[in-house]
1. Tell me whether the range 284-302 contains one or more residues that are in contact (Cβ under 8 Å) with a residue 24 or more places away in the chain, under 20 Å from ALA197 (Cβ atoms) and surrounded by fewer than 19 Cβ atoms within 10 Å (Cβ to Cβ).
2. Only residues that are in a strand (DSSP E or B) and surrounded by fewer than 22 Cβ atoms within 10 Å (Cβ to Cβ): list them for the range 168-185, please.
3. Tell me which of these ASP259 doesn't satisfy, since it passes every other one: (1) crowded, with 19+ Cβ neighbours inside 10 Å; (2) closer than 29 Å to LEU207 by Cα.
4. Can you name every residue in the range 131-156 that is touching a Gly at 6+ places or on another chain (Cβ under 7 Å), surrounded by 21 or more Cβ atoms within 10 Å (Cβ to Cβ) and more than 22 Å from ARG102 (Cβ to Cβ)?
5. Looking only at residues that are loosely packed, with under 15 Cβ neighbours inside 10 Å and either at pLDDT below 95 or hydrophobic (A, V, I, L, M, F, W, C) (or both) in the range 303-320, which one is nearest to LYS266 (Cα to Cα)?
6. Report yes if LEU207 is touching a residue at least 40 places away in the same chain (Cβ under 8 Å) and touching an Asp or Glu at 6+ places or on another chain (Cβ under 7 Å), otherwise no.
7. State whether the residues of the range 2-15 include one that is among the basic types (Lys, Arg) and at pLDDT 95 or above.
8. Taking TYR250, is it surrounded by 15 or more Cβ atoms within 10 Å (Cβ to Cβ), modelled with pLDDT of 95 or more, farther than 14 Å from THR217 by Cα and within 23 Å of the chain's Cα centre (by Cα)?
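The values are calculated or read from the model by the stated rules, or taken from the named source; none is laboratory data. For clarity, every value in this text was computed on a predicted model and none was experimentally measured. Glycine also receives a Cβ, built like all others from the backbone with ideal geometry; neighbour counts cover every protein chain displayed.
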Amino acid sequence: MRKLLTSILLLLAPALLLAQAVTFSSHFTVSQDGSGDFKTIQEAVNAVRDLSQQQVSIYIKKGVYHEKLIIPSWKTKISLIGEDKQNTIITNNDFSGKVNPRGIDGLGKDKFITYTSYTVLAQGNDFIAQNLTIVNTAGQVGQAVALHVEGDRSAIINCRLLGNQDTLYASTENSRQFYKDCYIEGTTDFIFGAATAVFQHCEIKSLKYSFIAAPSTTQRQQFGFVFINCMLTAADSIKNVYLGRPWRPYGKAVYIHTDMDRHILKAGWDNWANAENEKTAFFAEYESSGKGANADSRVVWSHQLTSAEAKKYTIKNILAGNDGWDALSIK
């Protein structure tokens, strides 16, 4: 018996050594012309090791990628890096109420709803997107999400997020998200959700009279949406835009050193037709500038921060959390 076991081990030894030597790629290339590792982004995401312990870069060459891209929760540490943000485009056109061609989904619905209308869904932690355009081309037909982010420690750098109603869904209260040097456009509540999210040096463009931010921050969160050194612009002839309104009673949104064009209403904020929200929501500004900055005319239940209060609104303080995440280290 001992000799038999020894023989078996000798036969298995090469395979065991090979298994120990297996390595997982930290870089993939996607190209529609077949010159990369994959032709679709979803194929590359699927190829990343589940629960990866290393950041995996997926380099995406120029092209228009017609995909409904899902990065599930078990696909962690994925970086999508476009060749050129103007010409590396992920696009889809689902919207709330549209019949799902695949039939009944996991939520028991046969039509898309806001939460499933996304072009890109990022559920995995440590997700990074750089130099990309993500767009929902459904038009003004209702809720139609371009980017839906749920994972923690997510960073969106130098990207364009294009859509109409509900362009960006910064979702879940346990998610920390950082948006830097991005262009985000939309119509109604086009930046919404419960995440703790910082927007730095972003252009936020309103395409119609409506509301920019619709935070659903919970009572447990210290921060909601914080816009730092951003620029609020609007399409031609668009005016009467609100800075935000509370999607849920404890919604929080703060604008720090943000340039606001003339389209921003003097009142600034809306209570979503519920005066009770004025007691619980926290909407504030610090040193707004531009023709839309009217500190003395804002609704009385909003806040103009003092210099002492504004000091706590640093990216480190907002996003570090218990694990000390350094969002600014992402280049």
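1. no
2. Selection gives LYS180, TYR183.
3. Failed condition: (1).
4. Matches in the range 131-156: LEU132, GLY151.
5. So the residue we want is ALA308.
6. So LEU207 fits the description; yes.
7. no
8. No.
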